[in-house]
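The values are calculated or read from the model by the stated rules, or taken from the named source; none is laboratory data. Since this is a predicted model, take the numbers as computed values, not measurements. Here Cβ is always computed from backbone atoms with ideal geometry, including for glycine, and neighbour counts include all displayed protein chains.
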């Protein structure tokens, strides 16, 4: 359930007119409903209240600080996949001891940052990563908690790009190899401590069956590991529950919880979940303005001011997003492609979509855009990214200002000191060094946090 609905003023976000927000803030823009975010978290938390559990919202779905703060205030932990996401979570008020660090490419700098912040655990995705974490922890004179992300080779029956639990996917370690890695860590990696096991098979799943199939494999592994002396306190089941974009009927959190609780009875673990899309997806919309309408032969186009750089999912995944008029006029329906201003044939929000006929200047709302919308946005075609707004009851606040054209070139410079003529190679090098010094250039040093 979300809090976007119609009244006599048109489409409303909670108690605020979407048209009013667009008039004051401009388009394109993302609008989030805080009440929807809170309701989704509460539904998930309530479903598992009978067992030890920790909900770690998946930051990659929507990483705006106000969104993260909304979840943090509800008691949420966070699932991160980069040092940048850890930085965001901490800035939003997260409890670092409720943060799990996933992802296949953690750098030494990111690992160090996470260890210093005392996160709950690293979800390790390769043998080399396991050794890297041990090496960094040793240098810091501490012991780092970890779980291994097991790849159970279970087909989640979802889009190939968001499937993560098959043996051909880059994520995790096979069940067989995981046993050997836990044993090696227990015996030889003295700056690591095994605290759990992790399994995430994919995103936008619409049935519970794949989760339970993966869980059955992981349960057997937990028994084997405990017999070998490895402590398993946490069972991280990842995220992946889908949402309704069109006609999907994903399981309710309560249905999912019932099956998981039944399957893990007697296992004596704290369940960890990493929901992202199911928390934020239907809590946000992308509002866009019609620029032109045109016909080409039998084809009709609606050209809007939001493009594939603002919402890449339709172009990248062929994803469906419902598109609704902000102020319906009662006109006849037409079939059209809703396309953006990007110089790509793949720039579309919908193809052959039946919508009410619209005129230039009118507003459309792209629904279910709260997850993997702004976080995947880019500046392609040198387009400033949209503003983001949070609605709270009958008020709203801009939680990210719209980028300006000046923002597009921030950090760039046009004049190359290296091209300055010099009388000899020595002079050229000296001139280059002088130019670099003038611009404040220095060797790369990761900036994990503010000093």
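Miscellaneous remarks
- Qualifying residue in region 235-249 (condition: out of contact with any helix residue (DSSP H, G or I) (no Cβ under 6 Å at 6 or more places or on another chain) and free of Cβ contacts under 8 Å to residues at least 12 places away in the same chain): yes
- Output for region 349-376, where each listed residue is free of Cβ contacts under 8 Å to residues at least 60 places away in the same chain and within 23 Å of residue 242 (Cα to Cα): 350, 351, 353
- Test: residue 179 is modelled with pLDDT under 90 and either in a loop (DSSP other than H, G, I, E, B) or surrounded by fewer than 23 Cβ atoms within 10 Å (Cβ to Cβ) (or both): no
- Residue 266 meets all of the listed conditions (1) at pLDDT 90 or above; (2) more than 29 Å from the chain's Cα centre (by Cα); (3) on the phi < 0 side of the Ramachandran plot but one, namely (3).
- Pick from region 280-305, criterion at pLDDT 95 or above and over 20 Å from residue 325 (Cβ atoms), ranking: surrounded by the fewest Cβ atoms within 10 Å (Cβ to Cβ): 281
- Some residue of region 207-229 being under 21 Å from the mean Cα position of the chain (by Cα), more than 30 Å from residue 25 (Cα to Cα) and either at pLDDT 95 or above or buried (at least 24 other Cβ atoms within 10 Å of the Cβ) (or both): yes
- Of all the criteria given as (1) more than 22 Å from residue 196 (Cβ to Cβ); (2) buried (at least 20 other Cβ atoms within 10 Å of the Cβ); (3) touching a strand residue (DSSP E or B) at 6+ places or on another chain (Cβ under 6 Å), the one not satisfied by residue 63 is (3).
- Pairs, first on the phi > 0 side of the Ramachandran plot in region 286-313, second surrounded by 13 or more Cβ atoms within 10 Å (Cβ to Cβ), C-beta under 7 Å, six or more apart: none
- The condition of being over 20 Å from residue 372 (Cβ atoms) and either modelled with pLDDT of 95 or more or touching a helix residue (DSSP H, G or I) at 6+ places or on another chain (Cβ under 6 Å) (or both) holds for only one of 99, 55, 80, that being 99.
- Enumerated helices (runs of 4 or more DSSP H) restricted to region 54-155, each holding at least 2 residues that are more than 21 Å from the chain's Cα centre (by Cα): 108-117, 127-140
- Across region 403-421, the number of residues qualifying as farther than 17 Å from residue 309 by Cβ, assigned to a loop (DSSP other than H, G, I, E, B) and within 28 Å of the chain's Cα centre (by Cα) comes to 3.
Listed here are the residues, each with its yes/no results for (1) closer than 30 Å to residue 34 by Cβ; (2) more than 18 Å from the chain's Cα centre (by Cα); (3) assigned by TED's automatic domain parsing to the domain that holds residue 85; (4) not in a helix (DSSP H, G or I).
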site	(1), (2), (3), (4)
291	no, yes, no, yes
309	yes, no, no, yes
335	no, yes, no, yes
342	no, yes, no, yes
349	yes, yes, no, yes
369	yes, no, no, yes
378	yes, no, no, yes
381	no, yes, no, yes
